[in-house]
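I have placed the structure first, in the form of structure tokens, so that the comments after it can refer back to it.
Read-outs: derived from the displayed coordinates by stated rules, not from any lab. Every value quoted in this text rests on a predicted model; they were computed, and no experiment measured them. All Cβ positions, glycine included, derive from the backbone under ideal geometry; neighbour counts span all protein chains shown.
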Amino acid sequence: MSGFLESLVGFAFWVQVLRISVPYVLAALGGATSERSGVIDLALEGKLLVGAFATAWVADLSQSPWLGALAGAAAGALVALLYGLLVLRWRANQIVVGVAINLLAFGLTRYLLKLAYGSTSSSPPTPGFEGGLAGNPLFWACAALVVVWQPLFSRTRFGLRLRAAGEHPQAAASVGVVVGRVRWAAVTLSGVLAGLGGAWLALDNHGFTAEMSGGRGYIALAAVIMGKWRPAAAALACLLFGFAETCQLHLQAADLGLPTEVIRSLPYLLTMVALAGFIGRSRAPAALGVPEDV
Amino acid sequence: MSTTDDAVLALSGVSRAFGAVLANDRVDLRVTRGHVHALVGENGAGKSTLMRVAYGELRADGGEIRLKGELIPRERHSPREAIRRGVGMVHQHFMLVPTLSVVENVVLGREPLRRGLLDLAGPAGALRELSRRFGLEVEPRARVEELSVGERQRVEILRVLWQGCDVLILDEPTAVLAPAEVRRLFGVLADMAASGLAVVLITHKLDEVCALAERVTVMRQGRVVDELDGRVVSAATIARAMVGREVLLRVERGPRGAPPGAATLLRVDGLRVTRGEGTDAVSDLSLVVKAGEIVGLAGVEGNGQRELVEALVGLRPQAAGSISLAGRELSRLGVGERLAAGLGHVPEDRLARGLVLDFSLEENLALGRQGEFCGWFGLDRRRLRVEAIRLLAEGDVRPAEPLACARALSGGNQQKVVMARELSRPAARVLLCAQPTRGVDIGAIEHIHRGILAARGRGVGVLLASADLPELLALSDRVLVMFKGRVAGQLAGAELDAPGAAERLGELMTGAGGAT
Amino acid sequence: GVEPDSRCLQKLCVGLVFDVGGLGDKSFNDAAYLGLMRAQRELGAVVRFIEPGDGSDRESALRELASQGYQLVFGVGFIYSDDLRKLAAEFPGTHFAGIDFSGAPGEPTPPNLAGLRFREQEGSFLVGAIAGLVTRSRVVGFVGGMQIPLIRKFEAGYAAGVKHVCPDCQVLSAYAGTDPRAFSDPVTGKELALTQYGRGADVIYHAAGKTGGGVFNAARSVNRWAIGVDSDQYREAPCCVLTSMVKRVDLAVLETVRAQAAGRFQGGVREAGLAEGQVGFVLDDNNRERLSAPVLSRVGELERQIIQGIIRVPGT
Amino acid sequence: MTRAPVMREALVLGISLLSAMAAGSLLILALGESPAHVYGLLLRSTWGDSYGVGQVLFKSTPLIFTGLSVALAFRAGLFNIGAEGQLMLGGLAAALVGASLPAGAPAALALPLVVLAAALAGAVWGAIPGVLRACFGAHEVINTIMLNFLAAALVLGLGHEVFLPETTHTALVVEGARLPALGLAGSAANLSFILALVAAAAVWFYLARARRGFELRAVGLSPGAAENAGVRVRATWVAAMATAGALAGLVGCNFVLGYKHYFEEGMGRGAGFMGIAVALLGRGHPLGVVLAALLLGTLSHGGMAVNALVPKELVDVLQAVIILAVAASSAALDRGAGRAGQ
Ligand SMILES: Nc1ncnc2c1ncn2[C@@H]1O[C@H](COP(=O)(O)OP(=O)(O)OP(=O)(O)O)[C@@H](O)[C@H]1O
Ligand SMILES: Nc1ncnc2c1ncn2[C@@H]1O[C@H](COP(=O)(O)OP(=O)(O)OP(=O)(O)O)[C@@H](O)[C@H]1O
Ligand SMILES: [Mg+2]
Ligand SMILES: [Mg+2]
């Protein structure tokens, strides 16, 4: 236990919290954007996974982490495109499509892995950014995004229309806002951000591993809800998850005699407790999940 | 430019169908500057559809739309286009985003920018200026969800003014306003028309039409059936044109006052109901309703009428006081038990509370009575069907089709379904009726009023909350006026027939009555 | 329906059903695959592989192969034990073999079922001893995947090895999770390893499947030692892999096919360990200079003692 | 949902199957195999003989239960993404109770007990998000997902205590607590399939005929109107989630009581998520759920049979494509019908 407390005051501990939080934060910013426009974003998990695969693949081909990250963002956008086509264009149920896209990403990345590398488990080692957290451009990009995302919502034309589209699409439409276009933009942005989150996973890990998203998309979505759909607060919730996870890692090492299952479950319990009330009742965008009506 | 046409908005041969329903059938309409032009018709006649087509919100299936003489291609028309060409619309259901501020709502869609960011300060100033000029007080920075209905109405109009428009379309703007607010709104509209705007006004209140409009277009079943001169025509004439038959604008009723020796059915003592934030919506309120008595409840929206009715039904918790029905204490009971004990409720919000829109009519008619139709083998569909057919016929619901989806009905007919159900409860002894005719056409109003009076005749006690003063005056045996959660005064018996009764009520409603 | 495969009338047909990880896992399943492919090359056997979709596919995959007339059918993974028992009884004319078969050695099984077990704890003990001898900080680590009995076996052997040569060394151990995802989460693997390195560990042994990739990444970024598992994992991080604990599933498979081809297939549960040369650690040109002579001699002695039964390595 | 004409449903199914087959064909061609051959083999190995049929029924059974679970919750306006966790705990409970009974316990006593245990454990796990929703307004989608993670941890944590040494499964349940096989050529199909059909019939009756079912549907479509009609909305949410959980918990019957006779870590994994697909494919109607489960069960067993030709990932992809296609085409057709049918 004392060992645990020691590590808590260490610099390395907090660096680890940040590093663990990055993919959560990127995905959560995307999730907040999509959900504020009225589109449920359960597909975050799939976007992370596909983004990670594309990143590893392109980074491997080009031997450039930059191109890899770009490919990750593009792949995330591509998944978002499919998602948009299904739920915006064809108005399919957003929760069902979200779950199915995650299944699809799961199967497809393994399938492509097999085609590209003859393995269902992992890609060969690929280049990543070097020089630790401080030298990682994706980390700084993530930090910058956290700073600008809140004002993007509150101070820009796009943000105003985004909020209107998620709260009362008919009202937005009646003053000439093309709700479909706003939602397409939001969904695509979410794809790009979650794709970048996937890029982080692949680059930080120097390669793709099947199912490497490991439920992070769902946690990111929980963070969005905990943050009451506000980007800065959602990012904060992600840091909280990162903190809980880091604690969990260190508690295991500290060997408290607690069953690991209990320690492992901390973030999930935390989510449920948070949702149940200590953050106060959070109100979803009123038109969340409601397809736009003509 | 061959036309000598002075119409700013001209529709010719406009058609629009929803599936099999032809909502607009080759409609012609010309709106000219400097006039208030009324558009009337029964529920579902196609008024809103026509105006939404003109505004570009719905695409016409056929016909031509001209704005200021210029033909707008059907497929290019959109709200954005309409706004750009000076058409503004205030919708039947408010088109405001509740979580945004007033100014954000106003600029939405045409946001001015400064250095790439939203500029809200400029428009806020402009709004204050407009508020002052037209007497439409509202704080630009307030969030819309915190505003009263009247204030929201003002926001809608301010938005149109801020955008600047030549044609102003208002779809039932007065349905939720108090008389004083209506008067002020009409003043503004008259000013605007005088200054050269064209105003299109959709309403069900025919006396308003007569007071304000110079031209009246009457629609029935998707077509224009008559064009009248509003300055000379009477309400009865308009009503006849709308419905296609004589309509009794005033129902027959017996003498006022509860029957002698009538038992007290509903007794409320010291009732207190709080709003979410802890302020009192209803404080220390007491009232009684006797058998065979209609007690009217007047008040400006937001003075606790809604909360009172909801607390009586059990939809809202009460903080203090007692409610009893024929001597039985209801305070501790749930909604279901109160219904079983003999309450009936016609909710103010029929779409959210009164009906399950995706249920069939027969299922809707069983709502709240589901226990009665359940036997050993579950729901007795056959008995339910028989009952539904009877109720639909009695309630004059059209279509009287038990398997029709409630969503497919017009507003008036939806309300008739709710009425039919609540009046049909075998055990009902007190009927709580909130805004039973809001947004409902005169044909349906006539039927609903008859239903309420018939219930009174059977010895049912009725508590009737309505924003429509003529309705209260016509039906009630007694009218209580609520102000700030309390009963501010009451008019009974002959007082209600006295000339100026409406004015007296209006005074009480604004707290100027010197409550005792 | 399932028709018998006509080739199996003349030739030796061998079928193999993978563990859930499936083909391409770079570990256990791939080793079995390599063994059987070698059998195909060297013995001319007809081979067929099936990857089951979920747990309830296992039995029907085995059954499919058996009813197609395959003479020898492998199930890879302890999880096949019960299915193999059931099918061996149902198809007495077919030979079955289970890798990591669960059941004690000598436990009665049908004569047409061979249970092939490995004493991973012995190999783990040796790499534990290496870790205990190499460590300067006297802190070493273990990263497991999902917390199940099989993985505990690795942990127990490793810890015993460390303690045997360095009684006051500290063994940090951690698991990546509680569901099968824990075997495919390199991100968590990396963080776990970094945490242990951060607490002073300078050698980490993993038994975590794909999650181990993260351990190697961590080793690379702090430039400390890691120990691979199942097969030679040198190439995962050439800078930092001290050695790997290997488990020769390929050999076990190949030898069983050889026996079948020679008509001397034998049923019963067998355990192979150091003595049989089916577990051990990697020592080759890549890592020879990383292991000093005293270390190697000490470990060689331990190996002898284990083979002679002087040291009994705990499995739990 | 229920009254939609049969033709439209057939159309949805046709479109979805065709698009899934088209997508599948592309992937198969990418591997250099012949789609016709693969699909043919898939059909022959499933509906071609009684063993194949039995395996399809066996694979469909969990999907019927989870499909019903998701469909029922959906009718109450709730999304049950948690069938995955509920079925795990249901299976574990059935196994533990079944194993702790005295060896000679008569089936008449033991069977109802273990089936009840499965349902009860699922119900408890399902009720949690229901209660959180009712009392705190916490959204059930996130909570059920979190509870899936927690169920996995719980199963493993308990597993350390109750799994047999060196295995990830529990002890065998006693003879009396076992469900007999259907006797389809040694396939794993067992009486649970019949139990699933009974459950489907019960859910149908509940939704279409029972008073509580009527109230549940009202709550799902309009909580406000239901409340106004005297329905206790929150209680209905909790009850719906508990019932959904119980249905998912019954999945344990198939594997634990009817097949292996023990609970094994990983039992039924994936059936919960597929349940969402089944409910959607079956359009929320119990009969539709059964048919959809049979379809996906066919794919699931057939996928293994064609595994020599195509990797198993292909089946995952095909399943996802089917769900997407059904979701899209049913929404499009509903919209078309909504316009035409008023
Ligand atoms: N797959 C790989 N193949 C070859 N070299 C690699 C690979 N991965 C990392 N390296 C090299 O290893 C060194 C450290 O790797 P890494 O990028 O993980 O360090 P880091 O960024 O400092 O660590 P971290 O991001 O985990 O804090 C770098 O010099 C890098 O070039
Ligand atoms: N979005 C829609 N989908 C289907 N049918 C519609 C839609 N909007 C209107 N209708 C139908 O078109 C007809 C005309 O409706 P509309 O709203 O124009 O009537 P209205 O005259 O404005 O009635 P009210 O006085 O009740 O507002 C009605 O039968 C209505 O049910
Ligand atoms: Mg790095
Ligand atoms: Mg209208």
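For this structure, a couple of remarks:
- Residue ranges C:194-204, C:36-46 sort as C:194-204, C:36-46 when ordered by packing (mean number of other C-beta atoms within 10 Å per residue, highest first).
- Each of C:205, B:55 was scored by other Cβ atoms within 10 Å of its Cβ. Listed from fewest to most, they are B:55, C:205.
- Positive-pole candidate from D:28, D:155, B:457, dipole of the protein assembly as shown, charges at beta carbon: B:457
- Our summary of shape: the Cα atoms of chain A have principal axis extents of 60, 47, 32 Å, ordered from largest down, in whole angstrom.
- Sequence-ordered 3J(HN,Hα) estimates for the range D:147-156 from the Karplus curve with 6.51, -1.76 and 1.60 and θ = phi - 60° stand at 5, 4, 4, 5, 4, 4, 5, 5, 4, 6 Hz, glycine and proline given as x.
- Take each peptide in C:70-81, B:196-207, count the other Cβ atoms within 10 Å of every residue, and average; sorted highest first, the result is C:70-81, B:196-207.
- The range B:1-151: relative contact order in percent, alpha carbon pairs under 8 Å with at least 6 residues between: 19
- By other beta-carbon atoms within 10 Å, ranking B:99, A:209 with the fewest at the front produces B:99, A:209.
- Rg ratio for the range D:63-185: its Cα radius of gyration over 2.2 N^0.38 Å, N being its residue count, equals 1.18.
- Under-5 Å amide H pairs with residue C:281, H placed in peptide plane, nonlocal only: C:246
- Semi-axes of the equivalent ellipsoid of the range A:69-142 are 28, 20, 9 Å, computed as sqrt(5λ) over the eigenvalues of the C-alpha gyration tensor in descending order.
- Kirkwood hydrodynamic radius (C-alpha pairs) into Stokes-Einstein, chain B, 20 °C and 1.002 mPa s, D in µm²/s: 88
- Degrees, to the nearest 10: B:381-394 long Cα axis against longest axis of chain B: 70
- In the range D:182-245 the Cα-Cα distances spread across 10 Å bins starting at 0 as 21, 38, 20, 13, 7, 1 percent of all pairs.
- Under the span-like rule (Cα at least 27 Å along the axis, Kyte-Doolittle mean at least -1.0), DSSP H helices of chain A: A:11-36, A:65-84, A:94-117, A:179-204, A:231-254
- Semi-axes of the equivalent ellipsoid for the range A:143-200, Cα gyration tensor, largest first, Å: 24, 14, 7
- Set of aspartates and glutamates with alpha-carbon distance to residue B:484 below 15 Å, sequence-local pairs under 8 removed: B:280, B:284, B:301, B:307, B:507
- Under-5 Å amide H pairs with residue B:296, H placed in peptide plane, nonlocal only: B:464, B:477, B:478, B:479, B:480
- Overall form of the range D:68-272 per C-alpha gyration tensor (a/c, 1.5; a/b vs b/c): prolate
- Average partner coverage of C:60-69, which counts Cβ from other chains inside 10 Å: 3
- Of the two radii for chain C, the radius of gyration is 1.00 times the Kirkwood radius, both from the alpha carbons; that is the Rg over Rh value.
- Of C:210/C:247; A:114/C:247; B:68/B:205; D:59/D:312, those spanning more than 19 Å from alpha-carbon to alpha-carbon: A:114/C:247; B:68/B:205
- Between the alpha-carbon centres of the range A:1-49 and the range D:254-328 there is a gap of 32 Å.
- Cys with no candidate disulfide partner in the protein assembly as shown (beta-carbon separation under 4.7 Å rule): A:142, A:238, A:247, B:165, B:210, B:374, B:405, B:433, D:135, D:253
- Dipole of chain D computed with +1 at Lys/Arg Cβ and -1 at Asp/Glu Cβ about the Cα centre; of D:261, D:106, D:6, farthest Cα towards the positive end is D:6.
- For chain B, the longest principal axis of the Cα atoms and the long axis of helix B:179-194 meet at an angle of about 10 degrees.
- As computed over the range A:54-112, the Cα convex hull volume per residue (Å³): 71
- Remark on chain D: hydrodynamic radius 20.6 angstrom, per the Kirkwood mean of 1/r across alpha carbon pairs.
- Ranking of C:253, C:47 by neighbouring Cβ atoms within 10 Å, starting from the fewest: C:47, C:253.
- When both the range C:38-87 and the range D:188-232 are represented by their alpha-carbon centers, they are found 43 Å apart.
- Chain C: DSSP helices with Cα axial extent of at least 24 Å and average Kyte-Doolittle hydropathy no lower than -1.0: C:149-165
- Dimensionless Rg/Rh of the protein assembly as shown - Kirkwood Rh, Rg from C-alpha atoms: 1.03
- Inter-probe distance in nm under a simple model that places probes 7 Å from Cα toward Cβ, at residue C:311 and residue D:208: 7.1
- Under a 5 Å amide H cut-off, with hydrogens placed 1.01 Å from N, residue B:224 pairs with B:28 among residues at least 5 apart or on other chains.
- Counting Cβ atoms of other protein chains within 10 Å of each residue's Cβ and taking the mean over peptide A:218-225 gives 3.
- Cα-based Kirkwood hydrodynamic radius, the range B:1-153, one decimal, Å: 17.6
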